[in-house]
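Asker: Right, I'll just put the structure down here and ask away after.
The values are calculated or read from the model by the stated rules, or taken from the named source; none is laboratory data. The structure presented is a predicted model; accordingly, all values stated were derived computationally and were not measured. Positions of Cβ are backbone-derived with ideal geometry, glycine not excepted, and every protein chain shown enters the neighbour counts. These accessible areas exclude ligands, DNA and RNA; they are computed on the full protein's heavy atoms, side chains included. Shrake-Rupley method; radii C 1.70, N 1.55, O 1.52, S 1.80 Å.
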Amino acid sequence: MEDVLAVYTRPHDPDCPLVCVDETSKQLLAETRVPIPMKPGRPARCDYEYQRNGTANLFMMFAPLEGWRHVKVTDRHTAVDYAHVLKDLADLHFANAKTIVLVQDNLNIHSKASLYEAFPAAEARRLVERFEWHYTPKHGSWLDLAESELGVLSSRASTAAFLTNKPSSRKSPPGRTTAMPTTPRPTGTSQPPMHVSNSSTSTLQSD
């Protein structure tokens with residue numbers, strides 16, 4: 001616990017961004033009847049019956065000091081999927097960083113071995129060295145700020161579902177992109193704002 005707390009107290013360093021990673025599954029539901037579209041003064045109406053349509057996995061990547069988060073939607077939750085999330089962090093989202101300070105829980109796939117399962121040894125080693133690895137203690141996954149962000153995402157989805165009279169888990173089948181406002185990660189060297197739940201800097205990606 002002390003290790004993770006010490007990481008969180010470090011000053012902001014653009015060359016060594018702090019990124020928290022976590023994941024969750026989401027049940028997918030399909031409509032059984034065509035919804036009645038909204039009209040002036042009347043919200044859209046959807047039937048209460050639904051059809052189960054499998055599940056999808058959401059990887060949350062959250063950089064609190066950068067004011068940035070990104071959700072990657074995958075069909076599965078495997079070591080290879082996790083490895084590609086880290087590759088995205090290293091080569092796409094924080095390509096210019098010297099080292100990425102990574103905070104995550106102790107799930108079995110959250111390991112360097114996952115990179116070796118997904119990529120050739122030389123590439124896996126390159127990616128391993130791009131990260132500074134930190135883990136929350138057993139029964140202390142709540143210290144991972146990405147877990148809190150997943151809670152915020154779920155809460156907002158439930159609120160939106162209530163306002164539109166739709167189940168919160170209803171969304172597109174796996175492999176399709178789900179609509180969500182997107183904003184690129186802030187650039188520059190100025191101190192970013194500390195807004196942990198600012199949805200204007202969120203992105204959602206579906207494989």
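Asker: Considering only the range 59-66, I want to know if a residue exists there that is surrounded by 15 or more Cβ atoms within 10 Å (Cβ to Cβ) and of a type in the set (Phe, Trp, Tyr).
Answerer: Yes - at least one qualifying residue is present in the range 59-66.
Asker: Here is a check on your reading of the model: is Asn57 of a type outside the set (Lys, Arg) and within 22 Å of His12 (Cβ to Cβ)?
Answerer: No; evaluated as a whole, the condition is false for this residue.
Asker: Could you tell me which numbered condition Arg69 fails, if it satisfies all but one of (1) open to solvent by 20 Å² or more (accessible area, probe 1.4 Å); (2) part of a strand (DSSP E or B)?
Answerer: For Arg69, the failing item is (1).
Asker: Looking at this structure, is Lys72 in contact with a His (Cβ under 9 Å, 6 or more places away or on another chain), among the basic types (Lys, Arg) and at pLDDT 90 or above?
Answerer: Taking the combined requirement at face value, the residue satisfies it.
Asker: Report, ordered by the first and then the second residue, all pairs with beta carbons closer than 9 Å, sequence separation of six or more or different chains, a first member in the range 40-52 that is in contact (Cβ under 8 Å) with a residue 60 or more places away in the chain, and a second member that is surrounded by 10 or more Cβ atoms within 10 Å (Cβ to Cβ) and hydrophobic (A, V, I, L, M, F, W, C).
Answerer: Note: pairs meeting the criteria are Ala44/Ile36; Ala44/Met38; Arg45/Ile36; Arg45/Met38; Cys46/Ile36; Tyr50/Leu29; Tyr50/Ala30.
Asker: Return the residues of the range 1-58 that are surrounded by fewer than 10 Cβ atoms within 10 Å (Cβ to Cβ) and of a type in the set (Ser, Thr, Tyr); say none if nothing qualifies.
Answerer: Residues satisfying the conditions are Thr9, Tyr48.
Asker: Pairs under 6 Å by beta carbon, first residue assigned to a strand (DSSP E or B) in the range 1-23, partner among the aromatic types (Phe, Trp, Tyr) and buried (at least 18 other Cβ atoms within 10 Å of the Cβ), six or more apart or different chains?
Answerer: Taking only residues 6 or more apart or on different chains, the pairs are Cys20/Phe62; Glu23/Phe59.
Asker: Run Gln51 past the list (1) more than 26 Å from Leu89 (Cα to Cα); (2) modelled with pLDDT of 85 or more and report the number of the one that doesn't hold.
Answerer: (2)
Asker: Does the range 80-133 hold any residues that are assigned to a helix (DSSP H, G or I), among the acidic types (Asp, Glu) and buried (at least 18 other Cβ atoms within 10 Å of the Cβ), and which are they?
Answerer: Listed by number, the list holds a single entry, Asp81.
Asker: Which residues, taken from the range 134-172, are part of a loop (DSSP other than H, G, I, E, B) and at pLDDT 60 or above?
Answerer: Scanning the range 134-172 gives Thr136, Pro137, Lys138, His139, Gly140, Asp144.
Asker: What pairs come out if I take residues in the range 78-102 that are over 17 Å from Leu18 (Cβ atoms) and pair them with residues that are of a type outside the set (A, V, I, L, M, F, W, C) whose C-beta lies under 6 Å away, six or more apart or interchain?
Answerer: Partner pairs satisfying both residue conditions: Ala79/Ser114; Ala79/Glu117; Asp81/Thr74; Tyr82/Ser114; Ala83/Ser114.
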